[in-house]
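Novice: The following block contains the structure, expressed as structure tokens.
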Amino acid sequence: MVVKRLEIRAFGGPEVIQLVEDVALPVPGPGEVRVRVEASSLVFTDMLIRRNLYPVLKLRLPLTLGYDMVGFIDAVGPGVTRWQLGDRVADLTQVGGNATHLVCRAATLVAVPQGLAATQVEPLILSYMTAYQALFREAEAKLGDPVLILGASGAVGLAALDLCRAFGLPAVGVASAQRESVVTSLGATFVAYDAGDAAAQLDRLTRDFKGFKVILDAARGEALSTVMARLAPDGRLVALGFSAAFRSAHQAGDASPRLFARLRFAFDFLRIKGLSSWPGSSRRVVFYDIWDRRTRHPEWFQDDLSALFGLLEARRIAPRIQRVFGLEEAADAHRLIEAGQVEGRLVLDLTLPSGGDASGHHAGADA
Ligand SMILES: NC(=O)c1ccc[n+]([C@@H]2O[C@H](COP(=O)([O-])OP(=O)(O)OC[C@H]3O[C@@H](n4cnc5c(N)ncnc54)[C@H](OP(=O)(O)O)[C@@H]3O)[C@@H](O)[C@H]2O)c1
């Protein structure tokens, strides 16, 4: 049995991704288990890690990509009593998930119901969890609260729209004009950020709703003061990503948007931190970081991911999967992400036969 995984030995474009094989399976130590991985992430955040643009993580090479994973336990280390061989589990890994086998700490794993398709479970671990905790842990959204989602057609944005629909939160989604149908298909009002009257449309919606109770900003395309002006008096802005900053550097033809993007991340990050520590504004704007939240509140992570599995089982949510990829095709997935050609989620399927062609392996939103 060999381990196959997606390794990078240098930071850079999609071409740095290498499919490597290890002849020996990793052995779990005390407090660890080994997981036979079924599915793992192919998301914007993996691309940031590949380019060494991830703002809050000191990365060491070589590394295996993959921010999350779902799979079955196939070896149990000394001292682990909570898990047994064959248990199905999910974990947030930051790196390492894009592998057929992975050793991880037993304590952070979350039990996954056996009946669910792995390619539907995987988007819940990072993308849906981010949206769920931003909406309900950070912003404390309640039934009927209007929500504005900036970056609505991406992995996190579509998850947030799906959750708004499931929980009765009227949503406005902002993305490029070509994404109108996917945003409105989830019941949201759509605004195109690349339309000439986008700001006027958002001003009108802000007035109609008397300000948004919740704003999730996954794009950081507009000035913070502009976004904050759209909040209701008791509303909260949850900043969580920087897609627009990367996109504009990339589209400007900068082959290495690293410096620009890093400066933008640092500026925004410090500004948001500063704003959130101002007296009277601490509840108004927060920066959400899934890894930090799980470290500080591991019980929330367990409870919230279990709640998401329950919503999936009850068919109250339906992750939209644009395409499922095999290991050999992962660099193509990263190219789509860099080009902004993703509408929903790309998922890595680690159960596809080696050397096989997964290119016809698509799964619709209700697959
Ligand atoms: N803080 C956390 O814990 C956490 C967790 C997960 C993800 N993230 C971050 O959140 C961000 C979004 O992640 P993702 O996976 O959803 O990315 P994604 O799939 O690439 O989606 C990006 C979204 O941003 C939109 N966008 C691009 N430029 C925009 C602009 N100028 N104005 C408004 N929207 C714009 C895109 O719309 P079009 O495609 O239509 O242009 C798309 O809807 C990333 O920065 C990611 O690293 C953070």
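The values are calculated or read from the model by the stated rules, or taken from the named source; none is laboratory data. Every value quoted in this text rests on a predicted model; they were computed, and no experiment measured them. Using ideal geometry, Cβ is built from the backbone for each residue, glycine included, and neighbour counts are taken over all protein chains shown.
Novice: Determine which single condition GLY211 fails, assuming it passes every other condition in (1) at pLDDT 95 or above; (2) on the phi < 0 side of the Ramachandran plot.
Specialist: Exception for GLY211: condition (2).
Novice: Then there's this: For region 63-117, how many residues meet the condition of being outside the structural domain of GLY29 (by TED's automatic domain parsing) and at positive phi?
Specialist: 0
Novice: Among the residues of region 143-169, count how many are surrounded by fewer than 23 Cβ atoms within 10 Å (Cβ to Cβ) and either without any contact (Cβ under 8 Å) to a residue 24 or more places away in the chain or near the ligand (Cβ under 8 Å from one of its atoms) (or both).
Specialist: Number satisfying all stated conditions: 1.
Novice: Okay, moving on. In region 226-251, how many residues are away from the ligand (no atom under 13 Å from the Cβ) and at pLDDT below 90?
Specialist: Residues that pass the stated criteria total 0.
Results for (1) in contact with a Ser or Thr (Cβ under 8 Å, 6 or more places away or on another chain); (2) buried (at least 22 other Cβ atoms within 10 Å of the Cβ), shown as yes or no for each residue.
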{"site": "GLY97", "(1), (2)": "yes, yes"}
{"site": "HIS101", "(1), (2)": "no, no"}
{"site": "ARG105", "(1), (2)": "no, no"}
{"site": "PRO113", "(1), (2)": "no, no"}
{"site": "LEU116", "(1), (2)": "no, no"}
{"site": "VAL121", "(1), (2)": "no, yes"}
{"site": "LEU124", "(1), (2)": "no, yes"}
{"site": "MET129", "(1), (2)": "no, yes"}
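Novice: Given the criterion in a loop (DSSP other than H, G, I, E, B), among the aliphatic types (A, V, I, L, M), in contact with a strand residue (DSSP E or B) (Cβ under 8 Å, 6 or more places away or on another chain) and away from the ligand (no atom under 13 Å from the Cβ), identify the matching residue among VAL80, VAL103.
Specialist: After applying the criteria, what remains is VAL80.
Novice: Can you pull out every residue in region 118-140 that is among the acidic types (Asp, Glu) and on the phi < 0 side of the Ramachandran plot?
Specialist: Result: GLU122, GLU138.
Novice: Going by the structure shown, is SER127 under 30 Å from ILE73 (Cβ atoms) and either within 11 Å of the ligand (Cβ to nearest atom) or more than 21 Å from the chain's Cα centre (by Cα) (or both)?
Specialist: Answer is yes for this residue.
Novice: Which one of the conditions (1) without any contact (Cβ under 8 Å) to a residue 60 or more places away in the chain; (2) on the phi > 0 side of the Ramachandran plot; (3) surrounded by 17 or more Cβ atoms within 10 Å (Cβ to Cβ) does PHE287 fail to meet, given that it meets all the rest?
Specialist: (2)
Novice: Answer yes or no as to whether VAL172 is touching a Ser or Thr at 6+ places or on another chain (Cβ under 9 Å) and of a type outside the set (D, E, K, R).
Specialist: Taking the combined requirement at face value, the residue satisfies it.
Novice: Which of the numbered conditions does THR119 fail, given that it passes all the others? Conditions: (1) within 16 Å of the ligand (Cβ to nearest atom); (2) closer than 20 Å to ILE337 by Cβ; (3) touching a strand residue (DSSP E or B) at 6+ places or on another chain (Cβ under 6 Å).
Specialist: That leaves (1) as the condition not met.
Novice: Among the residues of region 218-225, are any of a type in the set (Ser, Thr, Tyr), modelled with pLDDT of 95 or more and assigned by TED's automatic domain parsing to the domain that holds VAL172?
Specialist: Scanning region 218-225, I find no residue that is of a type in the set (Ser, Thr, Tyr), modelled with pLDDT of 95 or more and assigned by TED's automatic domain parsing to the domain that holds VAL172, so the answer is no.
Novice: While we're on this one: Given the structure, is LEU59 at pLDDT below 95, within 22 Å of ARG5 (Cβ to Cβ) and of a type in the set (A, V, I, L, M, F, W, C)?
Specialist: yes
Novice: Hey, another quick one. Assuming LEU116 fulfils every condition listed in (1) part of a strand (DSSP E or B); (2) touching a Leu at 6+ places or on another chain (Cβ under 9 Å); (3) in contact (Cβ under 8 Å) with a residue 60 or more places away in the chain; (4) over 29 Å from ALA219 (Cβ atoms) apart from one, which condition is it?
Specialist: Of the numbered conditions (1) part of a strand (DSSP E or B); (2) touching a Leu at 6+ places or on another chain (Cβ under 9 Å); (3) in contact (Cβ under 8 Å) with a residue 60 or more places away in the chain; (4) over 29 Å from ALA219 (Cβ atoms), the odd one out for LEU116 is (1).
Novice: For region 1-39, how many residues are touching a strand residue (DSSP E or B) at 6+ places or on another chain (Cβ under 9 Å), within 28 Å of LEU336 (Cβ to Cβ), part of a loop (DSSP other than H, G, I, E, B) and among the aliphatic types (A, V, I, L, M)? Before you say what the answer is, go through the steps one by one.
Specialist: Step one: filter region 1-39 for residues touching a strand residue (DSSP E or B) at 6+ places or on another chain (Cβ under 9 Å), giving 1-9, 16-29, 31-39.
Now drop any that are not within 28 Å of LEU336 (Cβ to Cβ), which leaves 2-9, 16-22, 35-39.
Filter once more, keeping what is part of a loop (DSSP other than H, G, I, E, B): 2, 9.
From what's left, among the aliphatic types (A, V, I, L, M): 2.
Selection size over region 1-39: 1.
Novice: Check SER176, SER181 and return the single one that is over 20 Å from ARG230 (Cβ atoms), of a type in the set (Ser, Thr, Tyr) and within 14 Å of the ligand (Cβ to nearest atom).
Specialist: SER181
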